[in-house]
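If you scroll down you'll find the structure; I have some questions about it.
The values are calculated or read from the model by the stated rules, or taken from the named source; none is laboratory data. Note that the coordinates shown come from a computational prediction; the quantities given were computed from them, not determined experimentally. Here Cβ is always computed from backbone atoms with ideal geometry, including for glycine, and neighbour counts include all displayed protein chains. When the accessible area is computed, the model is the full protein with side chains, heavy atoms only, and any ligands, DNA or RNA have been set aside. Shrake-Rupley method; radii C 1.70, N 1.55, O 1.52, S 1.80 Å.
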Amino acid sequence: MRTRIRHVLAVAVAAMGLVALTACAAIPTDGPVRSGQAIKDESVSGVDFRPYKPNVGADQTEILRGFIAAATGAQDNYAIAREFLSADFSQQWNPRQSVTIRDGSGTVERADDRELTYTMTASATVDSEGEYTQAVRPTSSTLTFQFVQEDGEWRIAYAPDGIILTPVSFESVFQQHALYFYDPTYRFLVPDERWFLARSSTSTRIASALLAGPADWLKGAVVSSFPEGTQLSLNAVTIDSGTALVDLSSGALRASTVDKVRMREQLSKSLASVATVSSVSMTIEGASLSVPDSSGANAQVDPDIDPRPLVEEDGVVGYATAGTGKVAKLGSGVGDTVADLDPTSIALSASGSTAAVGNRDGAIVVRGEDHLRVDAREDLVAPSIDDLGFVWVGQSSDTRKITAYGLGGDPHQVDTSLPRGELVSFQVSRDSTRALALIDTADGPGLYVMAIIRGSDRSPTSFGAAVRVQAATGTAVGATWVNDTDVASVGQTTNGPNIVRTTIGGQSTTLPKPDGRATAISGGSGGAMLLRMSDGQVLQSTGGGWDTTGVTARVLGTQR
């Protein structure tokens, strides 16, 4: 994503900077058994496309369409695609800048005797860092291609840097991987989703991107354990019997013992999505690096919650058991205190000892049997709570300011870069590093993710730039964190609830519509989603359709 993830899809399209693919060798059928060599992660998975070369006598349109189609073949640094280019331009063209995913086949039109235009509808882009941006609305782009004749054959003398892929081709040759950085307390590992070619030194690309740091929009909210300036010492990460061998530059010597453990943990978690990697070994400039087995590691990844819905029903606040609908009251006095406040919303801390409650009197902090009203303004959205001691409150009439209250009521006003509109919901991620805001605008619902920047005392000081992700259509109802990578939003349409689940830095999915009218959405356990309907029924989805839970609720709460 970096700063570019917030831009409108670029007209100039391009592909990742990736190392060339190696061809598959024939499998011998006889001869002695021989030991294999360590591999450099050159060909691990994905579909092996073999695009057509230019036909003799092809006209400009055929050359242009053949060139675009050849973008599926990354072998030998897109060697086949370069055959469609002139000798002078062949090595100037950069297919490694980004990728544009197109809808439809695109239209070719003549602009001049030696110039054609190609118009397409772009649904998403991936930049040179592997950061994916989905178009909130389909975006039309027109690209210009110039031609020259060489030895009687038309060749492309100019093309915008990059490649264009269909959705099917993109999903066949690119794969999604998460880079992991720490939250400032080192309690959590926070994902930064990237997309890399499935067959081009994936481990090397992941390690290089990890060392380069988080996407721009996440900077300030997450930290890396690698000393600044640390790079790969060798050109590639090698894999030997499932162990990724990562040789770092001398800058890594500045790391403390605890940081070295964390460095290995970041690498291990980030490389875990590569099928050929089962462990990580680090060296510095070829010298072995002593790293203890533990001490400072084992940060949480995607913290889970109680599988039972958090609800208020019939004056009882607690966890409801699916099937029976029986509610087990929250302990430590929290359940009784919240119930007495006649809540309209409930957000519970991970420990279960603190809650942020919304009711007709404003936003209230509940700690055991004690409660404190921290905000009495009108038109407040449901307050959210983090695990660093803050309750977050926003007004529906003001998208530019959010107030984070300490548990003692001390306010910290935090400005946002959100667009004007009506704030519908605001929720902090379970790792307390990011915030999710749903806004109703004149153009429809807008869903945004922002990094939370904090001071040395952990109090919030600012938000990072707002990154827009795909939102549900219709009248905005609410949005929620599903897990550490996915968010979901719901909008009510004349045909029922529209629910969209979106991966931050990835793709979105529209879920089947349940019958009725939705009033609230909440993240469940194990990546499930909970939906409260207007009749109080609580539905659950694990990615497909919606199932009844047997639970009814006047209020569906949010767990951390």
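About the Cα centre of the chain, what is the dipole size in debye to 20, counting +1 per Lys and Arg Cβ and -1 per Asp and Glu Cβ, all else neutral?
240
Compute the FRET efficiency between Ala79 and Gln231 as 1/(1 + (r/R0)^6), taking r as their Cβ-Cβ distance and R0 = 25 Å, and round to the nearest 0.05.
It comes out at approximately 0.35.
Now, a different point. Would you kindly derive the ³J(HN,Hα) couplings of region 126-131 from the backbone phi angles with the Karplus curve 6.51 cos²θ - 1.76 cosθ + 1.60 (θ = phi - 60°), listing them in order in whole Hz, with x for Gly and Pro?
Once rounded to whole Hz, the list reads 10, 8, 5, 8, x, 8.
Tell me the per residue accessible area of region 223-293 using a 1.4 Å probe; a whole number in Å² is fine.
47
Relative to the longest principal axis of the C-alpha atoms of the chain, give the angle of the C-alpha long axis of helix 257-271, reported between 0 and 90° and rounded to the nearest 10°.
Its long axis makes an angle of about 70 degrees.
Sticking with this one: Let me check against my output: what whole-number percent is the relative contact order of region 322-382, with C-alpha pairs under 8 Å and at least 6 apart?
Once divided by the residue count of region 322-382, the mean separation gives 27 percent.
Here's another thing I want to ask about it. Apply 1/(1 + (r/R0)^6) to the Cβ-Cβ distance of Arg554 and His412, taking R0 = 41 Å, and write down the FRET efficiency to the nearest 0.05.
0.85
Report, in degrees rounded to the nearest 10, the 0 to 90 angle that the Cα long axis of helix 60-69 makes with the longest principal axis of the chain.
Roughly 50 degrees between the two axes.
Given 0.36 nm per residue, what is the gain on full extension from Arg458 to Thr117 after removing their alpha carbon distance, in nm?
117.5 nm
Still on this model: Give me the one-decimal nm value for the distance between modelled label points at Ser105 and Thr441, 7 Å along each residue's Cα-to-Cβ direction.
Roughly 3.5 nm, to one decimal.
If you don't mind, another one. Residue farthest toward the positive end of the dipole of the chain, with Cβ of Lys/Arg at +1 and Asp/Glu at -1: which of His371, Ser105, Thr509?
Selected residue: His371.
Sequence-distant or interchain residues sharing an amide H contact under 5 Å with Ala471, placed H: which?
Residues meeting the amide H criterion: Leu447.
Describe numerically, in nm with one decimal, the distance between label points set 7 Å from Cα along Cα→Cβ at Lys326 and at Thr542.
2.4
Under the 0.36 nm per residue contour assumption, what length would be gained going from the current alpha-carbon distance of Asp306 and Arg517 to full extension?
Here the segment from Asp306 to Arg517 would lengthen by 73.4 nm.
Amide H to amide H under 5 Å from Val551: which residues, 5+ apart in sequence or cross-chain, H placed 1.01 Å off N in plane?
Counting only residues 5 or more places away or on other chains, the set is Gly323, Val538.
For the chain, what does -39500 (n - 2.57) per DSSP helix run (n ≥ 4), summed and divided by total residues, give at 222 nm, in deg cm²/dmol to the nearest 500?
Here the helix-only value at 222 nm equals -3000 deg cm²/dmol.
Along the Cα-to-C-beta direction of Asp59, a point sits 7 Å from the Cα; which residues of region 130-147 have their amide N less than 18 Å from that point?
Within reach of a label on Asp59, which here means backbone N under 18 Å from a point 7 Å along Cα→Cβ, region 130-147 contributes 145-147.
Please go through the residue pairs Lys219/Lys401; Lys219/Lys260; Lys326/Lys513 and name each one whose alpha carbons sit more than 25 Å apart in this structure.
Lys326/Lys513
Next up: From largest accessible area down, sort Thr107, Thr542, Thr204; use a 1.4 Å probe on the protein chains.
These residues rank, largest area first, as Thr542, Thr107, Thr204.
So between Ser281 and Lys401, what do we pick up on full extension, going 0.36 nm a residue minus the alpha carbon distance?
38.6 nm
What does the C-alpha gyration tensor say about the overall shape of the chain? Classify as rounded when a/c is under 1.5, otherwise prolate if a/b is larger than b/c, or oblate.
In terms of gyration-tensor shape, prolate.
Dipole of region 111-168 (Lys/Arg Cβ +1, Asp/Glu Cβ -1, origin at the Cα centre): which of Gly162, Phe147, Tyr132 lies farthest to the positive side?
Most positive-ward Cα: Tyr132.
Still on this structure, I have one more. Return the sequence-ordered ³J(HN,Hα) values of region 459-465 in whole Hz as given by the Karplus equation 6.51 cos²θ - 1.76 cosθ + 1.60 applied to θ = phi - 60°, using x for Gly and Pro.
Coupling constants for region 459-465: 6, x, 10, 6, 10, x, 4 Hz.
Give me the percent of accessible area attributable to carbon and sulfur for the chain, probe 1.4 angstrom.
Percent of accessible area from carbon and sulfur atoms in the chain: 45.
List every residue whose amide H lies under 5 Å from the amide H of Leu248, counting only residues 5 or more places away in sequence or on a different chain, with H placed 1.01 Å from N in the peptide plane.
Those lying under 5 Å, H to H, from Leu248 are Ser233, Thr283, Ile284, Glu285, Gly286.
Given axes a ≥ b ≥ c from the Cα gyration tensor, I'd like to know whether region 383-511 is rounded (a/c under 1.5), prolate (a/b larger than b/c) or oblate.
Since a/c reaches 1.5 and a/b is larger than b/c, the shape of region 383-511 is classed as prolate.
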